[in-house]
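Written below as structure tokens is the structure these notes are about.
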Amino acid sequence: MALVAGSSATAARADGDPASDVLATQPLFLPQDAGIPLARQNQITALLGAAANSGYQLRVAIIASSTDLGSVTELWRQPQTYARFLGQELSLVYRGPLLVVMPNGFGLESLNPAVPADASALAGIKIPADGAGLGTVALSAIQYLADASGHSVPIPAAAAATTQAASGDTIPVVAFAIGLALVGLAWGASLRARPLRPPRRNASST
């Protein structure tokens, strides 16, 4: 399942900047009002996972409207300025590359000198106005940045990403069911192994 900000973003607005709270522990900030289809969300999540597995860590904030910025709405349509702000907010927990996607462009920041960040490299990627378009260009940007850092990762097919997300959600349920079955089997075996006790004789019958 895609890592969508959802209620986490709602709670984080009390702190001022919802994306910084979400990205402190997750690789993707994707508010529910972004209008990105679930299949595309799963592709973004799967691509970030593949990049991380190959050795390239990246955090991504998709900002579809000014409300996604919490109390820093003055940074709306200023992706690079917001990327610098977000990088400072995350500096105590994350120092790798950080990508911001807004309808008017990209912001790229990194507090790690060993990992250069130059948003101009993404200038050739055109951003459509709709939410689905934001998801598409986010995929292209993530793939480009990973490849530029020597980590070539393919964009997963929508069906494969959805299946992967669904199987990930199913694993805890299956594990729980297997655990219950094993407990039941062990309890049944203990009952069968327990020796039968002879019936107690009534003292009055002796």
- request: Diagonalise the Cα gyration tensor of the stretch 14-146 and give the resulting equivalent ellipsoid semi-axes, square root of 5 times each eigenvalue, largest first, whole Å.
  value: 18, 18, 15
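Take each of the peptides 18-28, 91-101, average the number of other beta-carbon atoms within 10 Å over its residues, and list them starting from the highest.
Details: 18-28: 21.3, 91-101: 19.5.
With the highest mean Cβ count within 10 Å placed first, the list reads 18-28, 91-101.
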- prompt: Near the amide H of residue 61, under 5 Å away, which other amide H atoms are found, from residues 5 or more places off or on another chain, if H is placed in the peptide plane?
  reply: 29, 99, 100, 101
statement: Across 10 Å bins beginning at 0, the whole-percent shares of Cα-Cα pair distances in the stretch 35-112 come to 18, 46, 33, 3
- prompt: Tell me, what is the FRET efficiency for residue 92 and residue 118 to the nearest 0.05, using R0 = 22 angstrom and their Cβ-Cβ distance as r?
  reply: 0.35
- prompt: Relative contact order, percent, of the stretch 64-157 when contacts are C-alpha pairs under 8 Å separated by at least 6 residues?
  reply: 19 percent
query: If the label point is 7 Å along Cα→Cβ of residue 24, which residues in the stretch 81-111 have backbone nitrogen under 19 Å from it?
result: 83-99, 111
- line: Here the FRET efficiency for residue 157 versus residue 104, based on Cβ atoms and R0 = 25 Å and rounded to 0.05, is 0.30
- request: Give, as ranges by residue number, the residues of the stretch 41-67 whose backbone N falls under 19 Å from the point 7 Å along Cα→Cβ of residue 81.
  value: 61-67
- request: Based solely on C-alpha atoms, express the radius of gyration and the Dmax of the stretch 12-53 in angstrom.
  value: 11.7, 33
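Read-outs: derived from the displayed coordinates by stated rules, not from any lab. All values derive from a computational prediction rather than experimental measurement. Note that we place each Cβ from the backbone using ideal geometry, even for glycine, and neighbour counts take in every protein chain shown.
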